[in-house]
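Peer 1: So that we are looking at the same thing, I have put the structure below in structure tokens.
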Amino acid sequence: MPVHVVRLGSPRGKGEGLRIGTVRRPPRGVPKSEFASRDFYDVWLPDFAPSDGLVKLALGAREEKAWRTFVRRYRAEMGRPEARRLLDLLAALSRETSFAVGCYCADEARCHRSVLRELLAERGARMA
């Protein structure tokens, strides 16, 4: 019953479970009633999305140094008490049920979901 880390809008994997969108904004041009049926997400949890300023930093991070700055700042955002509690909740849930967290980015290596994967694993989440 692990956590799957996915690209939102991609076909759902077998046993993926509930899909949680960890993005700042819903998908453009998609009616809310179709978010789940079009494989975006079942539940929206923007609390795990980077702040607007960090999104801009990540999108412009062409060099490794800029990416490391993004990672450090995103980890700081996820270090706030409310974010830590949500991370702990998802880690605990991963030991009981399968679900997925995701973002729209094509390259997970340059997406906040790669850091989110690490943060969940550090809290003992079962990862796919």
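The values are calculated or read from the model by the stated rules, or taken from the named source; none is laboratory data. If you're wondering where the values come from, they're calculated on a predicted model, not measured in any experiment. Heads up, the Cβs are rebuilt from the backbone with ideal geometry, glycines too, and the neighbour counts pull from every protein chain shown. Ligands, DNA and RNA are stripped out before the accessible areas are found, and what is left, the full protein with its side chains, is counted by its heavy atoms. Shrake-Rupley method; radii C 1.70, N 1.55, O 1.52, S 1.80 Å.
Peer 1: When the chain is treated as a GNM, springs tying every alpha-carbon pair under 10 Å, which of PRO26, PRO81, PRO46 comes out with the largest mean-square fluctuation?
Peer 2: So, out of PRO26, PRO81, PRO46, the one fluctuating most is PRO81.
Peer 1: Let me ask another. List the cysteines in the chain whose Cβ has no other cysteine Cβ under 4.7 Å from it.
Peer 2: Taking the Cβ cut-off of 4.7 Å, the unpaired cysteines of the chain are CYS103.
Peer 1: For the chain, with only Lys/Arg (+1) and Asp/Glu (-1) charged at the beta-carbon, what is the dipole magnitude about the Cα centre, in debye rounded to 20?
Peer 2: For this selection, approximately 240 debye.
Peer 1: Hey, if you put +1 on the Cβ of every Lys and Arg and -1 on every Asp and Glu Cβ in the chain, which of ALA58, VAL3, THR22 ends up farthest toward the positive end of that dipole?
Peer 2: Ranked along the dipole, the leading option is ALA58.
Peer 1: Quickly estimate the mean residue ellipticity at 222 nm for the chain, helices only: each DSSP H run with n ≥ 4 gives -39500 (n - 2.57), and the total goes over all residues, rounded to 500.
Peer 2: -11000 deg cm²/dmol
Peer 1: Among VAL71, VAL115, VAL43, whose mean-square fluctuation peaks in a Gaussian network model of the chain (Cα, cutoff 10 Å)?
Peer 2: VAL43
Peer 1: Across 10 Å bins from the origin, how do the percents of Cα pairs in the chain run, short distances first?
Peer 2: All Cα pairs, binned at 10 Å, distribute as 13, 45, 34, 7, 0 percent.
Peer 1: A further question follows. Hey, if you put +1 on the Cβ of every Lys and Arg and -1 on every Asp and Glu Cβ in the range 24-128, which of SER33, LEU120, LEU93 ends up farthest toward the positive end of that dipole?
Peer 2: Of the options given, the answer is LEU120.
Peer 1: Right, next: If you roll a 1.4 Å probe over the chain with all protein chains in place, what percent of the accessible area is carbon or sulfur?
Peer 2: Here it works out to 54 percent.
Peer 1: If I take every Cα pair under 8 Å that is 6 or more residues apart in the range 65-121, average their sequence separation and divide by the length, what percent do I get for the relative contact order?
Peer 2: 41 percent
Peer 1: Below 8 Å between Cα atoms, with a sequence gap of 6+, how large is the relative contact order for the chain in percent?
Peer 2: Normalised by residue count, the contact order of the chain is 42 percent.
Peer 1: Just check the range 6-58 against the gyration tensor rule for me: Cα atoms, a ≥ b ≥ c as the square roots of the eigenvalues, rounded for a/c under 1.5, and otherwise prolate or oblate depending on whether a/b exceeds b/c.
Peer 2: Prolate, since a/c reaches 1.5 and a/b exceeds b/c.
Peer 1: Between GLU108 and GLU63, 0.36 nm times their residue separation minus their Cα-Cα distance comes to what?
Peer 2: Net length gain for the segment: 14.6 nm.
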